[in-house]
1. For a quick check: with amide H placed at 1.01 Å from N, whose amide H comes under 5 Å from A:THR92's, ignoring anything fewer than 5 positions away on the same chain?
2. Quick check: pseudo-label points 7 Å beyond the Cα along Cα→Cβ at A:LEU283 and A:LEU240, how many nm apart are they?
3. Excluding A:ARG255 itself, calculate the net charge of residues whose Cβ lies under 14 Å from the Cβ of A:ARG255, where each Lys or Arg counts +1 and each Asp or Glu counts -1.
4. Report ³J(HN,Hα) in whole Hz for each residue of segment B:105-115, in order, from the Karplus equation J = 6.51 cos²θ - 1.76 cosθ + 1.60 where θ = phi - 60°; Gly and Pro get x.
5. Determine the sum of side-chain charges near B:ARG253: Lys and Arg each +1, Asp and Glu each -1, restricted to other residues whose C-beta is under 14 angstrom from that of B:ARG253.
6. From the alpha carbon gyration tensor of segment A:116-218, can you work out the equivalent ellipsoid semi-axes (sqrt of 5 times each eigenvalue) and give them in Å, largest to smallest?
7. With an 8 Å cut-off on Cα pairs and a minimum separation of 6 or more residues, tell me the relative contact order of chain A in percent.
8. What ranking of B:ARG115, A:ARG155, A:ARG34, B:ARG245 emerges when the number of other C-beta atoms within 10 Å of each C-beta is taken as an exposure proxy, fewest first?
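Please treat every number below as a calculation from the coordinates, not as lab data. If you're wondering where the values come from, they're calculated on a predicted model, not measured in any experiment. With ideal geometry, Cβ positions are generated from the backbone for all residues, glycine too; neighbour counts draw on all protein chains shown.
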Amino acid sequence: MRAEGWMVWVVSAAAAVMLVHNPVYTVIVLLAARVAGVVCARSDAPFSLSLARIGGLILALSALFNMLMVHVGELVLFRLPANWLWIGGPYTVEAGVFGLSNGLVLLTLLVIFTTLNTAVSTSELVRLMPRALRDLGVVILIAVTYLPETMGQLRRIREAQAIRGHRVRGLRDWRPILIPLLIGGLERAMSVAEAMAARGYGATADARQPFFVQFLLLVGLLAVFGGWALSFWAGWPGWLLLGAGVVLIAALLWRLGRQTPHTRYRPRLWTRWDTGMVVTAVLPLIIILINRDGLTYSPYPALDWPGFDPLVGLSLLLFLFPAVVRPIQKNNNPQITQINADAFP
Amino acid sequence: MTTRLLNALIYLTTALIGVAAFAYPFVLPELAGANADAHAADAPVLTVILLAAGLVVLLVEVQGQAVSAKVVAALGVLTAVTAALRFIEVFFPVPGGFSPIFAPIILAGYVFGSRFGFLLGAMALLVSALVTGMVGPWLPYQMFTAGWVGLTAGWLPHPQNRRLQIILLAAFGVVWGILFGAIMNLYFWPFVVDGSATSWQPGTGWRDGLSRYAAFYLLTSLVWDIGRAGGNALFIAVLGAPTVRALIRFRDRFQFQQG
């Protein structure tokens, strides 16, 4: 599965959760995203957060915080004197339920992005950088490449200082470790720059953007800004203006990226599975946007069961697509995953 | 001349977008009135899009201004060093939200100028998010804010007196330690739309919004942020002087232009 497909999946799932704000749908997305994350995890994923512990913490804190702050609702558990600043007043079940529902949204966002981070490797994420930002792409690649080297350097300096009897007791003792690290890093930057210049980096490309591109970038940005502001008054016309601005900026980035020819070593092919991924990821969002009225859940003023629309609920299950496809892909062509694992360490 | 003007306009627009994206919870209710209620749920989604668009345009613009093999290499390596510091934060005996990532951004922005500082701030946050697997909707906000830390560090006066310089930088670290927390809180604050005394309520005035936010901040984040502010000051006080010396020596070798 290509990283582009995953990005669409992530954006769509996150937008669905943020727009709907209803615990039933949120739980569906949460479970779908978690299953996808477990099934599609790379073998060399950096590390996994303990989601159960963090999730419990988020839910408990947001419920507690909301009960502490909100004193609205009918099912009163107990009361504190009303003249206590902020925390005085009745403590209600409704406030706790709303806090839980908020915490669930935050937790689901966390799970969605954890899935992205475990399923897609760092180098593939870097490749998503628009080609127009090629120099910053190089900066990121240098940084990602040198990070393990820097960590190793740090360890070596610490060992060398320890041999001389240096021990880290306070903050001041970090000076003989961090300053050599910095100077060594800058020395390396000098040699990297010389190597890049020797290979002709920056010699031919004209860094300055053409005038009309700059002008249109500004126009696109103003459209996004205006659309954002307008959406608060008028709703959908603002969305349209914002969307037009985003499309304009994306087109300009594409145009700028074409100025520099660029080759890629062993590209991952776009298959029909990727098309399927994009379609199944966008579909639930469209269904939500069409019938949004009544989807949102609020326990105030009196506790009630959240509404459930089977169509929306079923459509959210489409977020399971990568989890379903992954085993099929593996069975059909075990070589592909192997080669890709080699090409993108 | 017109290009200059266009550059200035782009910088101005992105700065306005940054301010608007962080400040809309306070200003919006008064401006939009009753309509604000109906669209409150969309606001966080749209704001992430707005901020990401502003960030991309700004990065394209700054990149066009500041590109050369030396700048790219120095940025890449310094980003790696800064991101590596994030892994050793457990070693520092400072409690709370301290992260040693800010001190190098401040010092590099101070020595190499605000453009370099902005790029280093944004890139350092991006790379450490990529490496630790913490990419999320909060990332554009973090990149924008950390970029501002480096950007504003370049605006500081450069006194001759070394001691004065370090005191100035340490104070700057304290200010941004608090400010970073206050700004980053605004990212999730509108999510907590629950009508409480300390949460964002669409349909109230900005004064009211601000006082609610102050209460929210005092209750939830101040202790954490004081840890970060103190850590920044301590880090700069102990390590700032030799770092600035090393950076200045390399600036002369790199032949950076200041500004």
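1. A:LEU77
2. 2.8 nm
3. So the surrounding residues net to +3.
4. 5, 5, 5, 5, x, 5, 7, 8, x, 6, 5
5. Here the charged neighbours net out to +2.
6. Values: eigenvalues 277, 68, 36 Å².
The equivalent ellipsoid of segment A:116-218 has semi-axes of 37, 18, 13 Å.
7. Over chain A, the number comes to 30 percent.
8. Values: B:ARG115 21, A:ARG155 10, A:ARG34 18, B:ARG245 14.
Least to most surrounded, the residues fall as A:ARG155, B:ARG245, A:ARG34, B:ARG115.
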